[in-house]
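Some notes on the structure that comes next.
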Amino acid sequence: MFTELNSILNTSPDSYTRGEFILVSDRQSDASFLIHHFLSFYLRARCKVCFLGLAQSFCHYSAVSQRLAKEKGQLVFFEGLKECLSVLTPKENNVESEAMNFLRDPPVGLRSLYEFVRSSVIGSDNMEEGAEQWGPSVLLVDDLSVLLSLGVDVGAVLDFSHYCRALVCSQVQGNMVMLVRCNGEEDDDDDGDIGSDVLLKGLTHQCNLNLHVQGLPTGYCKDIHGQMEVCWKRRQGDAPHMQKNLFQYKVYDKGASFFARGTSSAVL
Amino acid sequence: MLHNIDVISSNMAAPVNSVCKTSADRLQVNCTSFQKKTRSKLISIPGTRPSVQNGQLLVSTGVTSLDYLLGGGLAVGTVLLIEEDRFDSYSRMILKYFLAEGVVCRHELFVATAQDNPDEILQELPAPILDDVAVPKPVEQPRLTGEPQDILDAMKIAWRYQNLPKVQSALASSSRFGHYYDVSKTMEVEIRQAAKCHRFYLPDHITPSSAAHRVESYSALLKSLQEVIHREGFDLATPMSKSRNILRVGLHSLGSALWGDDLCCHDKPRHSHALTTFLYGLRALLRSSLSVAVVTLPSHLIQDRALMGNITRLCDNAIALESFKGSERETNPLYKDYHGLLYVRQVPHLNCLARQLPDHKDLAFKLKRKQFTIERLHLPPDLSETVSRVSRGEPVGVASACGSSASGTKNLDF
């Protein structure tokens, strides 16, 4: 959990807005460090977390945030890498993982994955004897662009995120954090990367808070790893109100620091 | 799961639809292998060493400068993507270095090709210089004995630069890890046959079928690789009592048309996600076993830059080679010391947040007989301007020493 980011976003594990959809996006950069922040944030806030880890193995996430789900049952982790092998290289005696069956047949869509999310979010309401009461459910997805690389249609991914938002944010009043990664320049005319740009635009429209990570416009710098744009969408009265802030950041071994433009410690 | 040997014993295969409940036991695991009190014994595998930065298990790629660029070596459980140069000469060379290093370290090899028979690549492996006592270039230039200290110490004119660190051109790490090879000779048959090598030659495995709903070659390759990993015991789930080894996987020219893929042929390929799905499955296999992969890809044939971006993201390390052969840069005096440029496209962050970013982005490589060096590209100062300024009054016939036609016409400027 990055304390500077908490103060930027004006949240803390003790007080945070519920029912929010936070979109973490990047363009030619890597915003996955923010996913680690939100993971440890919500675990510390004693929420029940459902984590779809599609990009990396479980040990990567647990090695970064060492305090990972000490309590029993707080974290439901879906390891995409492990489940995919049962579908990509099927064996006779192996039970296939239902949630990844879109790998076998991409037009099927992400329905099974949504069923998995639903069962872990809703299913938690039936408490066992002696199980602890956790806070609201939180869904973290790292990352949605992997689904596009695996052949899933953009429309199916948008539907999946909409269903999840309806389930997690509206129905259960929990939070949802999703990571989307883009290639290419924003105003590039060539239709190479239509998929992830459409996905990014669609999700930016749906989200309440967007953290957009990019490289520095002036080029590569070893001390400043990039810039992050924080964009809130709030409703004040009847009119939607958008507020944007720009920060630069540097990622360390176990954390990251954020600072206003031009105030990096390497410069001052 | 990345080669973290401490975790192997505790990372049992979870049931499908895994609800991964971590018990308190597993939390005693941490990144580094430098542990005084460990519950499981540290098993050392020949040819590997832990990283000094974060304790990852590393193997050498066979090229010491490349090891340095990648942060000490290639982490076990990861993929290195090499975007081929135009004629696939230097990328193939690096693949051969990688496999030769595996032979010398007694690792097992898995070579998959669609174009040439894997045996051809194996026969071309460079000969290791086994009795070599070559000292890798130290970081600090050593003082030559007998030379008066003040000449080296004090700078008289550029004294402000006295305290800046000396520029280190050649990228080399200070401790020896990896071996040197003589490119002019091929590895002797006895040495090569001592290593166990698994081959996957695509024409042997599938017959070309016209109605291909998806690209079958990649799934055949994935199945074959998984079978080898499981049969030879590279799986992390195998009990620890056996002695462990590393499997080096070399995949040549993935994505080319010979694999049945049309990524390189069409602007809008029909099965654009076949290769990316394969790379996802490859990552899954590698993370759960003691293996490391090097994949070469003819990226110059792929028109879609966004697709290249997706492919790069699904690999952990990625470099691109651009050779000067056949281009106008071959005869450019600025590049006369080098054979090509090297770009670092991606460096991973494994088990931590920070990446080992390279210091400089402008790198060039040259292949010498005994070493493949990667250096920072230094462009010399442009001397033609100063010379022409000095020689402005001189007649055109007496041209400056490094004068090109451009400086000649400056003197004719009326």
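The values are calculated or read from the model by the stated rules, or taken from the named source; none is laboratory data. Only a predicted model underlies this, so the values are computations on that prediction, with no experimental measurement involved. Cβ placement follows ideal geometry from the backbone for every residue including glycine, while neighbour counts extend to all protein chains displayed. These accessible areas exclude ligands, DNA and RNA; they are computed on the full protein's heavy atoms, side chains included. Shrake-Rupley method; radii C 1.70, N 1.55, O 1.52, S 1.80 Å.
Selection over segment B:305-318 of residues that are farther than 17 Å from B:Trp259 by Cβ and either in contact with a Gly (Cβ under 8 Å, 6 or more places away or on another chain) or open to solvent by less than 10 Å² (accessible area, probe 1.4 Å) (or both) gives a count of 6. Within segment A:98-117, the set of residues being in contact with a strand residue (DSSP E or B) (Cβ under 8 Å, 6 or more places away or on another chain) and over 12 Å from A:Cys164 (Cα atoms) comprises A:Ala99 only. Of the residues that make up segment B:353-369, is at least one over 26 Å from B:His179 (Cα atoms), over 21 Å from the mean Cα position of the chain (by Cα) and within 14 Å of chain A (Cβ to nearest Cβ)? The answer is yes; a qualifying residue exists. Could you list, in sequence order, the residues of segment B:257-274 that are open to solvent by less than 20 Å² (accessible area, probe 1.4 Å) and more than 14 Å from chain A (Cβ to nearest Cβ)? Of everything in segment B:257-274, those that are open to solvent by less than 20 Å² (accessible area, probe 1.4 Å) and more than 14 Å from chain A (Cβ to nearest Cβ) turn out to be B:Trp259, B:Asp262. Here A:Gly53 meets each of (1) at pLDDT 90 or above; (2) over 29 Å from A:Pro13 (Cβ atoms) with one exception, condition (2). Restricting attention to segment A:244-268, the residues being over 16 Å from A:Thr218 (Cα atoms), of a type in the set (A, V, I, L, M, F, W, C) and not in a loop (DSSP other than H, G, I, E, B) number 4. For segment A:36-44, the condition of being more than 10 Å from chain B (Cβ to nearest Cβ), modelled with pLDDT of 90 or more and touching a Leu at 6+ places or on another chain (Cβ under 7 Å) holds for at least one residue. For B:Thr312, the requirement of being of a type in the set (Ser, Thr, Tyr), farther than 22 Å from A:Lys82 by Cβ, touching a strand residue (DSSP E or B) at 6+ places or on another chain (Cβ under 8 Å) and within 14 Å of chain A (Cβ to nearest Cβ) is met.
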